[in-house]
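> Quick one: the structure is below, questions incoming.
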Amino acid sequence: MTKLSVNVNKVATLRNARGGNTPDVVKVATDCEIFGADGITVHPRPDERHIRYSDVFDLRSILKTEFNIEGYPSEAFIDLVLKVKPEQVTLVPDAPDAITSNAGWDTISNFEFLSEIIDRFNQAGIRTSLFIGTEPEYIEKAAKTGTDRIELYTEPYAAFYETDPENAVAPFVSAAELARKLGLGINAGHDLNLKNLQFFHTRIPFLDEVSIGHALISDALYLGLQDTIRQYKECLK
Ligand SMILES: CC(=O)[C@@H](O)[C@H](O)COP(=O)(O)O
Ligand SMILES: NCC(=O)COP(=O)(O)O
């Protein structure tokens, strides 16, 4: 079964617009779980423009499903994750001023850096995942870092899906098959939505998890959160 982890960054963006606690990120995350989400993802950024470090602690204490914390492994981020002990940490090579994640790791140049950090998380019993593109050499090197999983960066798939779905998905199928052969678990995320998710899942049915935020929270404005989560889960059957 492919799990759906709902990324609640955008809920925090809306809350922060007014400085109060509406919408309440913790309540929305709890409701996502009640409505069928298999996990909750957050991506605290250094400027805390959406998820704050304090949200991460608040969420930890109430979540009943899998908690996935994504981010660039600065010392502050590593410290946060080791304190919170989520089920999974996803390392993302974001520059501090990145508007959103826009690339996967170069696991060859960053091999020692990543291996050392992954070892720290592994020793703490936290599952690790590396955000990565479809380049086979980066996936092969990722497997040697000791990471449990990779998360395929799906923005290029989403960008080309509407014009040429088969060619858009082809490098992801090859990358996923290679990762599976190397014994890695496979997650996917970024710009997945109700139009492109089912096709992606049909071609890579052995995905462990997708994390979806921007499109899912936007869909909820029209469909409501409960029906939105139901529809995303349908795409993963
Ligand atoms: C790693 C990834 O693709 C997502 O976490 C994405 O970066 C969401 O972050 P924002 O909500 O800040 O765009
Ligand atoms: N890891 C991807 C994620 O959490 C959400 O990305 P997006 O759906 O907001 O593009």
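Just so you know, all these numbers are worked out from the coordinates, no wet-lab data involved. Not measured: the values here are computed from a predicted model. Cβ placement follows ideal geometry from the backbone for every residue including glycine, while neighbour counts extend to all protein chains displayed.
> Counting only C-alpha contacts under 8 Å and six or more residues apart, can you give the relative contact order of the chain as a whole percent?
Across the chain, relative contact order equals 21 percent.
> Using 7 Å Cα-to-Cβ label points, what is the Leu14/Thr202 separation (nm, one decimal)?
Inter-label distance under the simple model: 3.1 nm.
> Could you pull out the longest piece of the chain with no exposed loop GluC sites (Glu not before Pro) in it, calling a site exposed if DSSP puts it outside H, G, I, E, B and it has at most 16 other Cβ atoms within 10 Å?
163-237
> Also: Quick one: if you stick a label point 7 Å off each Cα along the C-beta vector at Ile34 and Val173, how many nm between them?
Distance between label points: 4.1 nm.
> Based solely on its DSSP helices, what 222 nm [θ] is calculated for the chain when runs of n ≥ 4 H residues each add -39,500 (n - 2.57) and the sum is averaged over all residues, nearest 500 deg cm²/dmol? If you can, show how the numbers build up before the last one.
Values: 11 runs with 113 residues, N = 237.
Taking each H run of at least 4 residues, the total per residue is -14000 deg cm²/dmol.
> Could I ask something else about it? Work out the count of Lys pairs in the chain where the Cα-Cα distance is under 20 Å, with the pair 8 or more places apart or on different chains.
16
> Show the residues, 5+ positions off or on another chain, whose built amide H is closer than 5 Å to the amide H of Asn7.
For Asn7, whose amide H was placed from the backbone, the distant partners under 5 Å are Thr41, Ile212, Gly213.
> Where in the chain are the DSSP H helices whose alpha-carbon span along the long axis reaches 20 Å or more and whose Kyte-Doolittle mean is at least -0.5?
165-181
> Return the distance in nm (one decimal) between the two label points of a simple spin-label model at Glu75 and Lys144, each offset 7 Å from Cα along Cα→Cβ.
2.9 nm
> What is the distance in Å between the Cα centroid of region 165-237 and that of region 74-94?
For region 165-237 versus region 74-94, the Cα centre distance is 23 Å.
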